[in-house]
Structure formats: C-alpha cells, structure tokens
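Bear in mind that the values in this text are calculations on the coordinates, not laboratory data. Since we're looking at a predicted model, the values are computed, not measured. Cβ placement follows ideal geometry from the backbone for every residue including glycine, while neighbour counts extend to all protein chains displayed.
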Amino acid sequence: MTTASIRRGQNRDGWLFVAPAVILLAVFLAFPVLMALWVSVSDWRGVGSPLSGDVGFVGADNYANILTGGSLQQRDFGTAMRNNVYYVLLVVPLQTVVALGLAVLVHTKALKGRGFFRTAFYFPSVTSAVAITVLWLFLFNSTGAVNAMLGWVGIDGPNWFGDARGIIHTALGAAGIDAPATLTDHRALGITWWEWLAGPSFAMSAFILLAVFTTSGTFMLLFIAALNNVEDEIAEAGMVDGANAWQRFRHLTLPMLRPTLFTVLTLGLIGTWQVFDQIYTGTQGGPAKTTLTPAYLSFQTSFNSQRWGEGAAIAFILFAIIVVLTLLQRWALREKS
C-alpha cells in the first residue's frame, strides 16, 4: 500500500468522523443564517414560509430604511448604536483590566486562601443573568442600597432607571454648558451630534457595572491559565537585571499574555455588541430608549413590530460591525518584528 493511498484513507476516515458535526452545523447554523439573510432582503412579514412564492425580493430597501431617510427606524437604530458604543467602550477595557488584576492577585503565591478567592471572584459569572439583573434593579433602585450608601458620604444618588439624561450631558449641564448649534444642527444615523455625545444614561451605567461584575471572573480564569505558563525563570532574570515588580510585569509578563489578551478582548467585544438578556429582563430599552441596543432593537423590530426584514437587516449590520472590529483588533494586537 502506497503512502498516497494511506493518506486518502485517513482523509476519508477523518471526514466520516466529523460528518455528524458538519451536518448539524449546516442544519442548525448555516441554513438558518442563509434564511435570515434572505429575510433581510425580502418583504416577508412573518406569515408562512420565507421561501414561499408570495415573498418578494426588495434588495437593500430594509437596510436603507434603517440607515437613511430620517425615519423613526433610522433614529431608533442610531440611538441603539450610540448606547452600545458607550457600553463597548467602557465594558471591554474595564472588564479586561479587572480580570487581569484579579488574576495577578490570586496568582500571587503569598496570598492565603487562593482557592477561595478564585471561587468567589468566579461565582458571579455562573449566576443566572435574569436573577442577577433583578438583583441589580433592586440594588440600583432610587431608594435602593446603592443610593443609601452614596447618601452616607453626602452624595444624592440619581434615579438610576428613571433618569434618561446621559452622564456627560448631566456633567455639562451642572457646569452651565449648553448644547452648541454646531452639534445640534448636524446628524448621524438620525440623531444629532449632541445626542451622540450624551454619554451613557444612568441606567446604562448600571448595566455597565453589571457586565463588569459578571464577566470579569470568567476572563480571570483565562489570565490565570496564561500566567501559569509564564516560567518563573523569566521573572527571576528580570530581578537579576534590576527590574522592579511593575517593570517585570510590563516588559516581561504582559507581552507573553498577548494571545490570551487577544482572546479576552475578542470575546468581550463580541459579547458587549450582543448584549440582550439584561436589557430584556431589566428595562426593555427604557428610560426613553437610553438602554436600547441593536440586539434588542432587532428582536423588538421583528417580534413586536412584525417588520422581520428590518429586524434581520439590523442583525446582519451588527454581524458586520463585530467582524470588522475583530479584524481591526487582530491587526492592532499582531506580533510586531
């Protein structure tokens, strides 16, 4: 038997082994994605099969209704994008820094009870998203525990889930700064530049804290696994060269965590752009749509408003955003010679 025939037999056997998984992925992933793509360019209204003969092709009309024209759909999408942009910009760096800090802390050999702390820090990650969101609503109620603790230090806590103002607008208003005409006369995705600069609302700020609290433990485990692979000899060599603890971490340990850092940032980026559970359970986009996100808007447009084509279009726009940002992040974190 020749080497070529042996390799052909190995390839055949390999495909036979993976065939069940490939078939499952095709049936339950690839086919629904392709059908959703068809829905995004059709006039299907949720009645009957999307593949029936009475469903027509409308091209990019559903995408145009969302992205152009100054319609309510465009304004809602712009509002959702603004909310999610602030959510991503704050959650991803915070959860990464907190997760890395916790990993370094529990990785320290001098710390007693490291197993207990690892379990305690990871526990919020395995808690039901619905249960912890309800708890968060209770804690951040206008008369809840958070405002009570702020009152102990003389701070009058906000109405977290009732105040629709952005925190940047609130700070500027307290400083007596009004909206300049340059920002109010120009629009992007149906909302003014001034609205883009509102910052996250108090409700969205509470959800940002919730995301950091519940996801940092998971990413902490990834960093711990990476730190366990960093050889002690590297740190010892840095000590011999006279580097202090921060210099050893910055120039020796952190570069070796680059693959894990890329994984954490990528997972964080994908998760934050797909935030849905907390919004659905907590505020349904309120107050005044300041917690509306593209993922929840896609659900709302499809299931509540029965505009399935536009809902699918929002989902694919969100998919494109995630892919582009992931590629940019991969480029930014690439190995440099």
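Can you tell me what percent of all Cα-Cα pairs in the stretch 249-337 are more than 20 Å apart?
Of all Cα-Cα pairs in the stretch 249-337, 50 percent lie more than 20 Å apart.
Using only the alpha carbons, work out the radius of gyration and Dmax of the stretch 64-332 in angstrom.
My reading of the Cα-based Rg and Dmax gives 21.3, 67 Å.
Of the chain, which part is the longest with no trypsin sites (Lys or Arg not before Pro) in a loop (DSSP not H, G, I, E, B) and with at most 10 other C-beta atoms within 10 angstrom?
113-333
Work out which GluC sites (Glu not before Pro) in the chain are exposed loop sites (DSSP not H, G, I, E or B, at most 12 other Cβ within 10 Å) and give the longest gap free of them.
1-230
With an 8 Å Cα cut-off and a minimum separation of 6 or more residues, compute the relative contact order for the stretch 64-332 in percent.
Normalised by residue count, the contact order of the stretch 64-332 is 28 percent.
Over the alpha-carbon set of the stretch 3-62, divide Rg by the Kirkwood Rh and report the Rg/Rh ratio to two decimals.
Result for the stretch 3-62 is an Rg/Rh of 1.32.
Please work out how much length the chain gains when fully extended from SER49 to HIS251, using 0.36 nm per residue of separation minus the C-alpha to C-alpha distance, in nm with one decimal.
Using 0.36 nm per residue and subtracting the Cα-Cα distance, I get 66.9 nm.
Please work out the FRET efficiency for the pair ASN11 and PHE123, using the Cβ-Cβ distance as r and a Förster radius of 45 Å; give the result to the nearest 0.05.
Result of the calculation: an efficiency of 0.50.
With a Förster radius of 30 Å, plug the Cβ-Cβ distance of VAL134 and ASN304 into 1/(1 + (r/R0)^6) and report the FRET value to the nearest 0.05.
0.85
Report Rg/Rh for the stretch 264-311, rounded to two decimals, where Rg is the Cα radius of gyration and Rh the Kirkwood radius.
Looking at the stretch 264-311, the ratio lands at 1.04.
Expressed in whole Å with the largest first, what are the equivalent ellipsoid semi-axes of the stretch 81-239 derived from the C-alpha gyration tensor as the square root of 5 times each eigenvalue?
Semi-axis lengths for the stretch 81-239 are 37, 21, 15 Å.
Compute the distance from the alpha-carbon center of the stretch 1-71 to that of the stretch 90-153, in whole Å.
For the stretch 1-71 versus the stretch 90-153, the Cα centre distance is 39 Å.
At a Förster radius of 22 Å, what calculated FRET efficiency corresponds to the Cβ-Cβ distance of ARG187 and ALA288, to the nearest 0.05?
0.75
Given the alpha-carbon gyration tensor of the stretch 168-213, what are the semi-axes of its equivalent ellipsoid in whole angstrom, ordered largest first, with each equal to the square root of 5 times an eigenvalue?
That gives 24, 15, 5 Å for the three semi-axes.
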